[in-house]
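Presented below is the structure to which this report refers.
The values are calculated or read from the model by the stated rules, or taken from the named source; none is laboratory data. From a predicted model like this one, the values you see are computed outputs, not experimental measurements. All Cβ positions, glycine included, derive from the backbone under ideal geometry; neighbour counts span all protein chains shown. In case anyone asks, the SASA skips ligands and DNA or RNA and just uses the protein heavy atoms, side chains included. Shrake-Rupley method; radii C 1.70, N 1.55, O 1.52, S 1.80 Å.
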2 protein chains.
Amino acid sequence: MTNSIFTHRSIRKYKNDEIPANIMELIIEAATRASTTGNMQLYSIVLSRDENIKNSLLSCHFNQKMVVEAPVVMTFCADFNRFTLWCKQRNAKPGYNNFLSFFTAAIDALLAAQNACLEAENHGLGICYLGTTTYMANKIIDVLNLPQLVVPITTIVVGYPDETPDLTDRLPLEAIIHYETYTNYTENSINNIYQQKENMELYQNFVKENQLETLAQVFTDKRYTQKDNEFFSEEFLKAIKRQGFMP
Amino acid sequence: MTNSIFTHRSIRKYKNDEIPANIMELIIEAATRASTTGNMQLYSIVLSRDENIKNSLLSCHFNQKMVVEAPVVMTFCADFNRFTLWCKQRNAKPGYNNFLSFFTAAIDALLAAQNACLEAENHGLGICYLGTTTYMANKIIDVLNLPQLVVPITTIVVGYPDETPDLTDRLPLEAIIHYETYTNYTENSINNIYQQKENMELYQNFVKENQLETLAQVFTDKRYTQKDNEFFSEEFLKAIKRQGFMP
């Protein structure tokens with residue numbers, strides 16, 4: 001058993017090889033060992049391998065090919081449905097159709113997802129998170145038949161890697177850590193934090209390819225624009241409401 | 001290096017021993033190795049050790065003593081402040097004052113938190129998540145001086161364990177996994193899923209101590225009531241708005 005925390009790379013190209021059932025079971029069990037609010041396990045994992053389902057999920061994830069190329073797609077959902085059904089069968093009055101309960105279940109789902117990823121990588125598998133899950137929650141709800149009180153939070157694709165990317169750069173640790181309380185950044189500290197990234201050839205090429213002035217503009221003007229963020233904010237809030245979490 | 005995924009227990013009693021600086025650094029580095037949206041690292045970690053700060057945090061966490069007894073309290077925050085400041089200094093127009101951006105940053109913060117927990121446990125440390133973070137986000141914002149576009153998402157206490165609790169029970173794997181699409185639960189499947197838990201002496205004592213009829217009622221009537229959930233939903237939404245994520 002290895003420790004994959006420090007060797008994680010997102011994998012975007014996969015071999016055809018299936019994942020053995022015993023390893024798949026360990027991945028799911030790993031997910032369930034994560035901390036969970038009041039031991040309620042407020043998540044479900046939808047594991048999709050069927051070509052038709054994966055093809056339907058493909059367009060939910062902006063046609064990223066790894067959705068169909070990886071053997072397994074795991075959609076991690078905030079799930080208060082199971083717990084609520086149990087309450088109703090046990091003469092208990094559930095009160096989980098609200099935003100806090102949604103967010104609590106989302107936390108549970110994300111901790112479970114990260115455990116699943118690390119365990120998959122411990123067995124030589126690769127994973128990639130699909131951030132498109134929240135953007136396209138409404139369509140995913142349709143494709144996966146998610147009932148009330150179930151909202152997709154994140155998706156991972158899992159399979160044997162067919163590429164060996166380098167470890168991705170990260171900001172220096174001092175960029176993300178604050179001691180005792182939050183110390184806001186100064187113009188100087190922002191310059192220092194981002195200097196290394198901005199000097200990397202990889203990112204300088206991003207700027208050139210996009211014919212922009214700065215790396216930050218690649219994010220604001222191309223990858224994560226205000227317009228898209230506002231549009232998908234409305235969509236995701238609609239999904240949360242539609243699933244009964246904001247009455 | 002061990003693998004702590006399958007041996008995690010939440011620790012609620014801690015020794016006084018400090019955490020060595022090199023191990024603390026590994027924990028923080030582990031957090032930064034988690035997947036992060038577009039490699040933006042949309043989180044900050046506030047690491048509090050000072051007695052005064054920990055005492056202020058204590059009441060934010062419903063006076064759970066481990067907040068002052070554990071040597072380190074780590075508050076994981078969704079943080080679009082740093083990234084937004086960088087954009088502004090680089091002639092880029094940030095558009096991250098919206099709900100999707102908040103949720104994206106929360107995902108980043110939670111994946112980082114789970115990596116930190118597992119790495120801490122790999123070094124013989126214990127951790128406990130504090131779900132009270134979202135309940136009391138407004139007060140935590142005040143105590144930790146969190147600026148606009150920074151919202152606390154979860155907190156972990158970290159230290160050397162002074163107890164050795166048993167592994168916590170979990171629902172059977174078939175309770176949380178769905179194949180291809182979501183299969184809703186039946187009366188029978190709910191009974192099967194919760195049977196083992198309901199038969200455990202631990203939980204039967206919960207029911208007796210609370211003079212209730214069913215275990216589900218312990219959750220709905222005592223631990224996670226509709227009234228509290230609705231109150232703290234409003235509070236948490238206020239915090240998200242106050243920090244500039246829902247204009």
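Okay, here's what the table says:
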read-out: With Cα atoms, 0 to 90° folded angle of helix B:187-199 axis to chain B main axis; value: 90
read-out: Theoretical FRET efficiency, 1/(1+(r/R0)^6), r = Cβ-Cβ of B:Asp142 and B:Lys65, R0 22 Å, to 0.05; value: 0.55
read-out: Loop-located trypsin sites (Lys or Arg not before Pro) in the range A:1-33 whose Cβ has at most 15 other Cβ within 10 Å (DSSP); value: A:Lys15
read-out: Surface per residue (accessible, 1.4 Å probe) for the range B:1-116, Å²; value: 33
read-out: Degrees, to the nearest 10: B:226-242 long Cα axis against longest axis of chain B; value: 10
read-out: For the range B:56-135: relative contact order, % (alpha-carbon pairs under 8 angstrom, 6 or more apart); value: 32
read-out: Largest to smallest accessible area among B:His8, A:His123 [probe 1.4 Å]; value: A:His123, B:His8
read-out: Highest-MSF residue in chain A out of A:Asn97, A:Asn55, A:Asn22 [GNM, Cα springs under 10 Å]; value: A:Asn22
read-out: Cα-based helix-to-principal-axis angle, A:21-33 vs chain A, degrees rounded to 10; value: 90
read-out: Cβ-defined net charge surrounding B:Glu25, 12 Å radius [Lys, Arg +1; Asp, Glu -1]; value: -3
read-out: Carbon + sulfur, % of accessible area of the protein assembly as shown - ligands and nucleic acids excluded, 1.4 Å; value: 47
read-out: Peptide A:19-31 - average C-beta neighbours from other chains (10 Å radius); value: 2
read-out: Accessible area of A:Thr183 in the full protein assembly, 1.4 Å probe (Å², nearest 10); value: 90
read-out: Solvent-accessible surface (1.4 angstrom probe) belonging to A:Lys93, in square angstrom, nearest 10; value: 150
read-out: Violating pairs (Cα-Cα greater than 18 angstrom) within the set A:Lys88/B:Lys222; A:Lys54/A:Lys139; A:Lys93/B:Lys222; B:Lys139/B:Lys227; A:Lys93/A:Lys238; value: B:Lys139/B:Lys227; A:Lys93/A:Lys238
read-out: Chain B, relative contact order in percent, only Cα pairs under 8 angstrom and at least six apart counted; value: 27
read-out: Peptide A:211-218 - average C-beta neighbours from other chains (10 Å radius); value: 4
read-out: Peptide A:126-136 - average C-beta neighbours from other chains (10 Å radius); value: 2
read-out: Counted charge near A:Cys87, where neighbours are those whose Cβ lies closer than 14 Å (Asp, Glu -1; Lys, Arg +1); value: +2
read-out: Under 11 Å, Cβ to Cβ, from A:His61 - net charge with Lys/Arg +1 and Asp/Glu -1; value: +3
read-out: GNM top mover of A:Gly38, A:Gly95, A:Gly159 - chain A, alpha-carbon springs below 10 Å; value: A:Gly38
read-out: Anisotropy class of the range A:53-197 from Cα gyration tensor, a/c 1.5 cut; value: oblate
read-out: Where GluC sites (Glu not before Pro) fall in DSSP loop in the range B:74-169, at most 13 other Cβ within 10 Å; value: B:Glu163
read-out: The range A:14-70: relative contact order in percent, alpha carbon pairs under 8 Å with at least 6 residues between; value: 43
read-out: Highest-MSF residue in chain A out of A:Thr164, A:Thr133, A:Thr32 [GNM, Cα springs under 10 Å]; value: A:Thr164
read-out: At R0 = 56 Å, FRET efficiency that the Cβ-Cβ distance of B:Thr181 and A:Leu202 yields, to 0.05; value: 0.90
